[in-house]
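Enquirer: I have a structure here, written as structure tokens, and I will follow up with some questions on it.
The values are calculated or read from the model by the stated rules, or taken from the named source; none is laboratory data. The structure displayed is predicted, hence computed values, not measured ones. Positions of Cβ are generated from backbone atoms using ideal geometry, with glycine treated the same way; all protein chains shown enter the neighbour counts. What goes into the accessible areas is simple: the full protein's heavy atoms, side chains included, and nothing from ligands, DNA or RNA. Shrake-Rupley method; radii C 1.70, N 1.55, O 1.52, S 1.80 Å.
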Amino acid sequence: MRIDVERRRPVTEVVRVDPAMPSQTDIARAADCLRRGGLVAFPTETVYGLGVHAMDPAAVRRLFDAKGRPANDPLIVHVSSFAQVAPLVAELPHDAERLASRFWPGALTLILRRAPSVPHAVTASLETVAVRVPAHPVAHALLLAASVPIAAPSANLFSRPSPTLAAHVLDDLDGRIDMILDGGPTSVGVESTVLDVTVDPPVVLRPGAISIEMLRTVVPAAEFAAGFTPASDHEAMSSPGLLSKHYAPRAPLTIYQGASVAVGLALRKAAISAAARGQRVGVLVSTEDAGLLSDLDIVGGPPVVLGTLASEDNAEATAARLYATLRELDAARVDVILARDIVNAHGLWRAVRDRLHRAAARIVVVGTETA
Ligand code: TXA
Ligand code: MG
């Protein structure tokens, strides 16, 4: 890593690349850095990843350090094509092959039995390994040029929202990593679907853009892992302790669940009373909800900051904006964030709801009597 002599600290180099057709010179430099054990952030179609040579255990340990990530959380190994998976795994079930030919390159990670050559540092000593072939042209070019498997978690500090812009990576990891390939905003905005195909039936460990409905067209028996999101739309997670807090903004996020009109009123009321207590309030809203709160002007109190996602019937745009909006509210220095729950559990909404819940500090169930 280069050192800024005047400021006496390591410098993270940011290299702008054309997301559709990155310069081969820049890609070659980044690939070289990776092959020598460096840490390089790069865009994938889901979120920015922080890449490291997957077969270099010392480099992998530096990556865990840079992110502040606990060593017991395994990494996804990225490869350029399905053919590159074979050396990493002990067996390739037929389902894995069929899923790969349908969804790769793309936002699907498969859990497979690991080959002995995959370092324990990557798999957190599990007997399985996570693999993915990303679709983003920059990720693909980097994998081809490096010609080694690249282990890459999301390029955020541990427990912060995943980065969907190079600026987010820089905010979290400036001076802690060697290079960032800036290919603009990522398109999907939430991390890949993680599907464990070592078990029968296959189990979704993390929902993503490849929805369970899509997976079931190939593996009809695919199921969600028990208990990682509420079983039904209105079932409350009564204990905040049960929430695995993750992907979280700095300000505590409260989600309001219940009938639509009642939740709208509760959000308004909560925003007004928090502001009256002198708190800076951020509200995560759809474009439809923005009108409900835009007239809020608390006399003598701090302004209510709206973090606008997208239309409430546009899952793709909402997913693409979610993490950036949480980071924007943090940057606006809000003390608390309020949000309406996402009720839709189909397709990509499932993933958006999962991430919103993981970001939450608290879930409030609003009484239906005022609806
Ligand atoms: O979209 C993505 O998947 C992004 C981009 C960069 O590819 N990567 C990403 O990595 O989200 P990360 O490390 O933030 O999340 C990886 C997830 C974690 O929840 C981890 O526990 C799980 O995959 N995982 C990795 N290896 C596993 C294994 N062997 N068994 C079960 N879960 C595993
Ligand atoms: Mg992550």
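Enquirer: For Leu306, what residues show an amide H to amide H distance below 5 Å, using hydrogens built from the backbone and excluding near sequence neighbours?
Expert: Close amide H contacts, sequence-distant or interchain: Val283.
Enquirer: Find which of Ile272, Leu309, Leu284 sits farthest along the positive direction of the dipole of region 262-320, computed with +1 on the beta-carbon of Lys and Arg, -1 on that of Asp and Glu, about the Cα centre.
Expert: Ile272
Enquirer: Per-residue accessible area for Asp26 at 1.4 Å probe radius, Å² rounded to 10?
Expert: The accessible area of Asp26 comes to roughly 40 Å².
Enquirer: What is the gain in length, in nm to one decimal, between Asp32 and Asp4 on full extension, counting 0.36 nm per residue of separation less the C-alpha to C-alpha distance?
Expert: Separation in residues times 0.36 nm, less the Cα-Cα distance, equals 7.9 nm.
Enquirer: Return the carbon/sulfur percentage of the accessible area of the chain, one whole number, probe 1.4 Å, all protein chains in place.
Expert: 54 percent
Enquirer: Could you work out the equivalent-ellipsoid semi-axes for the chain, taking the square root of 5 times each eigenvalue of the Cα gyration tensor, largest first, in whole Å?
Expert: For the chain, the semi-axes come out at 36, 26, 17 Å.
Enquirer: Could you list which residues have their amide H under 5 Å from that of Arg206, counting only those 5 or more apart in sequence or on another chain, with H placed in the peptide plane?
Expert: Here the answer is Val194, since their amide H atoms fall under 5 Å of that of Arg206.
Enquirer: Additional query: Ignoring ligands and nucleic acids, what accessible area does Thr198 show with a 1.4 Å probe (Å², nearest 10)?
Expert: Roll a 1.4 Å probe over it and Thr198 shows about 40 Å².
Enquirer: How much net charge surrounds Thr308 when only the other residues with a Cβ under 12 Å from the Cβ of Thr308 are counted, with Lys and Arg +1 and Asp and Glu -1?
Expert: Every neighbour counted, the sum reads -3.
Enquirer: Moving on. Using a 1.4 Å probe, what is the accessible area per residue for region 132-179, in Å²?
Expert: Roughly 28 Å² per residue, with all protein chains present.
Enquirer: Grab the beta carbon distance between Leu126 and Ala276, set R0 = 51 Å, and tell me the FRET efficiency rounded to 0.05.
Expert: Values: r = 50 Å, r/R0 = 0.98.
Between Leu126 and Ala276 the formula returns 0.55.
Enquirer: Taking the solvent-accessible surface of protein heavy atoms with a 1.4 Å probe, what is the per residue accessible area of region 253-365 in Å²?
Expert: On the way: 4450 Å² over 113 residues.
So region 253-365 comes to 39 Å² accessible per residue, rounded to a whole number.
Enquirer: Testing the spin-label approximation: label points 7 Å from Cα along Cα→Cβ at Ala86 and Ala361. State their distance in nm.
Expert: Computed distance between label sites Ala86 and Ala361 equals 5.2 nm.
Enquirer: A further question follows. Pairing the Cα long axis of helix 57-67 with the longest principal axis of the chain, what angle in degrees results, from 0 to 90 and rounded to the nearest 10?
Expert: 20 degrees
Enquirer: Moving on to the next point. Using a basic spin-label model with each label point 7 Å from the Cα along Cα→Cβ, how many nm lie between Arg333 and Asp18?
Expert: A separation of 4.2 nm, rounded to one decimal place.
Enquirer: Ok, one more. In region 2-224, what percentage of the DSSP-assigned beta bridges are antiparallel, given to the nearest 5?
Expert: Of those bridges, close to 55 percent are antiparallel.
Enquirer: Now a separate question. Over the chain, with a Gaussian network built from C-alpha contacts below 10 Å, which listed residue (Leu322, Leu215, Leu292) shows the highest mean-square fluctuation?
Expert: Leu292
Enquirer: Determine ³J(HN,Hα), in whole Hz, for all residues of region 163-172 in sequence, where each value follows from phi through the Karplus function 6.51 cos²θ - 1.76 cosθ + 1.60 and θ = phi - 60°; x replaces Gly and Pro.
Expert: Couplings: x, 10, 9, 4, 4, 5, 4, 5, 4, 8 Hz.
Enquirer: Which sequence of Leu126, Leu157 reflects their accessible areas, 1.4 Å probe, from the largest down?
Expert: Leu126, Leu157
Enquirer: Would you kindly derive the ³J(HN,Hα) couplings of region 117-126 from the backbone phi angles with the Karplus curve 6.51 cos²θ - 1.76 cosθ + 1.60 (θ = phi - 60°), listing them in order in whole Hz, with x for Gly and Pro?
Expert: Residue by residue, region 117-126 yields 6, 6, x, 4, 4, 6, 9, 6, 6, 6 Hz.
Enquirer: Around Ala135, which amide H atoms from residues at least 5 apart in sequence, or from another chain, sit under 5 Å from its own amide H, with H modelled in the peptide plane?
Expert: Residues meeting the amide H criterion: Glu45, Gly106.
Enquirer: Under unit Cβ charges (Lys, Arg +1; Asp, Glu -1), what dipole magnitude, rounded to 20 debye, does the chain have relative to its Cα centre?
Expert: Value, rounded to 20: 940 debye.
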